[in-house]
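Student: The structure's right below; bear with me while I get my questions together.
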Amino acid sequence: MRALVCTGPGVATLRQVPDPVPEPGEIVVRVTAALTCGTDLKLFRRGHPKIPFPLTLATNSRASSRRSARAPRSRRGARHSAVTAPCGTCDACRARRGNLCESAFTEPLWGAFAERLRVPPRITSRGVKRVPACVSWEGAALLDPLASVVHGLGRVRAERGSTALLIGAGPVAFLFASLLSDAGVRVSVVGRRSGRLARFETLGAERLTARPEGRRFSLVVDTTGDPAICSSLPALAEGGGNVLLFAGMARGARVEVDAFRVHYEEVSVVGSFHYTPTDADRALTLLAEGGSPSRVSSRRRARSPSGRRPSRT
């Protein structure tokens with residue numbers, strides 16, 4: 001089969017590689033659509049200390065596939081989208097924080113930029129989601145980033161009529177803007193690229209090329225992962241508001257926070273990592289019912305995600 005193999009920083013070639021052979025409890029799927037994760041870009045540009053070369057690029061959690069081989073009869077020929085699989089038994093899982101599972105990432109699965117992909121037993125049994133026929137292949141591949149956004153919004157308050165400022169104008173920011181605007185939140189977006197900002201016009205979002213001075217927002221979301229930017233965000237939150245640090249930062253990165261705003265004005269600075277199985281199910285429901293992400297890749301008309309108010313966890 002063909003696969004995009006990365007042999008070192010900045011070096012990737014399309015190669016012929018052996019077909020994957022499933023072991024007991026595994027499945028092999030044919031990849032129909034796959035997205036590029038930020039980790040893929042990091043791997044390609046500079047490598048990763050825990051993921052050796054050579055490897056086939058793309059995380060399978062951002063892929064949609066069909067026609068599993070040597071799979072249980074109920075899954076043969078089905079359309080799937082794979083997500084990560086918490087163990088269900090560690091302290092984090094028992095506390096319903098599967099996104100923080102102690103072993104969910106001990107066996108990272110790569111290789112969705114290939115014609116076929118072998119899925120290990122744990123993800124086969126816990127992380128493979130059947131995709132309804134009404135969801136496009138591209139929409140199914142959005143399940144992973146959408147579930148992460150659903151989890152992030154569950155970490156903060158985003159009430160109808162409130163305001164939100166998104167830092168960054170990439171695809172993840174677009175998902176945030178889509179869900180927030182459908183929930184009745186007034187959204188503003190700060191970005192440097194006019195082409196990316198133009199997409200937010202379809203959501204009715206305010207587009208800004210610089211941070212607004214003298215304004216404060218109920219919710220401020222960082223999608224850049226820049227520690228210097230993150231340090232400045234509490235100043236943009238209103239009293240009692242939230243700052244969500246959504247994008248990942250390198251281990252050891254430091255963010256300085258104005259303690260006065262945190263203590264005396266009760267500005268909450270909250271992190272968000274990955275998603276739980278419940279978040280993944282909610283994201284798949286949104287895709288199946290023609291929720292906001294359909295504006296990116298589905299043919300169905302978007303509608304509000306049921307007005308659910310995100311809860312603080």
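The values are calculated or read from the model by the stated rules, or taken from the named source; none is laboratory data. These numbers come from a predicted model, not from an experiment. Ideal geometry is used to build each Cβ from the backbone, glycine not excepted, and the neighbour counts take in all protein chains shown. Heads up: the accessible areas ignore ligands, DNA and RNA and are worked out on the full protein's heavy atoms, side chains in. Shrake-Rupley method; radii C 1.70, N 1.55, O 1.52, S 1.80 Å.
Student: Give the carbon-plus-sulfur fraction of the accessible surface of the stretch 85-181 in %, rounded to a whole number; probe 1.4 Å, heavy atoms of protein chains only. Each step should come with its number before you reach the end.
Tutor: Values: 1950 of 3770 Å².
Carbon and sulfur together cover 52 percent of it.
Student: Shifting gears a bit: Convert each backbone phi in the stretch 238-250 into a coupling constant with the Karplus relation 6.51 cos²θ - 1.76 cosθ + 1.60 (shift: θ = phi - 60°), then list the ³J(HN,Hα) values in order as whole Hz, x for Gly and Pro.
Tutor: 6, x, x, x, 10, 10, 9, 8, 8, 6, x, 10, 5
Student: Run the numbers for R254 and V17: contour at 0.36 nm per residue of separation, minus the present Cα-Cα distance, in nm.
Tutor: Details: separation 237, 0.36 × 237 = 85.32 nm, distance 4.21 nm.
This chain segment gains 81.1 nm when fully extended.
Student: While we're here: Based on the Kirkwood radius over alpha-carbon pairs, what is the Stokes-Einstein translational diffusion coefficient of the chain at 37 °C with 0.692 mPa s viscosity, in µm²/s? Display every interim value, and only then the final one.
Tutor: Numbers: Rh = 20.5 Å.
For these conditions, the coefficient is 160 µm²/s.
Student: Let me know the charge dipole size of the chain about its Cα centre in debye, to the nearest 20, where only the beta-carbon of Lys, Arg (+1) and Asp, Glu (-1) is charged.
Tutor: Working: 48 positive and 25 negative charges, 224 e Å.
Here the chain has a charge dipole of around 1080 debye.
Student: Now for a separate question. Can you work out ³J(HN,Hα) from phi for every residue in the stretch 263-274, in order, using Karplus 6.51 cos²θ - 1.76 cosθ + 1.60 and θ = phi - 60°, giving whole Hz and x for Gly and Pro?
Tutor: Values, residue by residue: 7, 7, 10, 6, 7, 9, 9, 10, x, 8, 10, 6 Hz.
Student: Further, regarding this structure: Would you mind working out the magnitude of the charge dipole of the stretch 113-155 relative to its Cα centre, with +1 at each Lys and Arg C-beta and -1 at each Asp and Glu C-beta, to the nearest 20 Debye?
Tutor: On the way: 7 positive and 3 negative charges, 59 e Å.
The calculated dipole for the stretch 113-155 is roughly 280 debye.
Student: Let me ask another. For the chain, what is the accessible area per residue in Å² when the probe is 1.4 Å? Before the final figure, lay out each step's value.
Tutor: On the way: 15880 Å² over 313 residues.
In whole numbers, the chain has 51 Å² accessible per residue.
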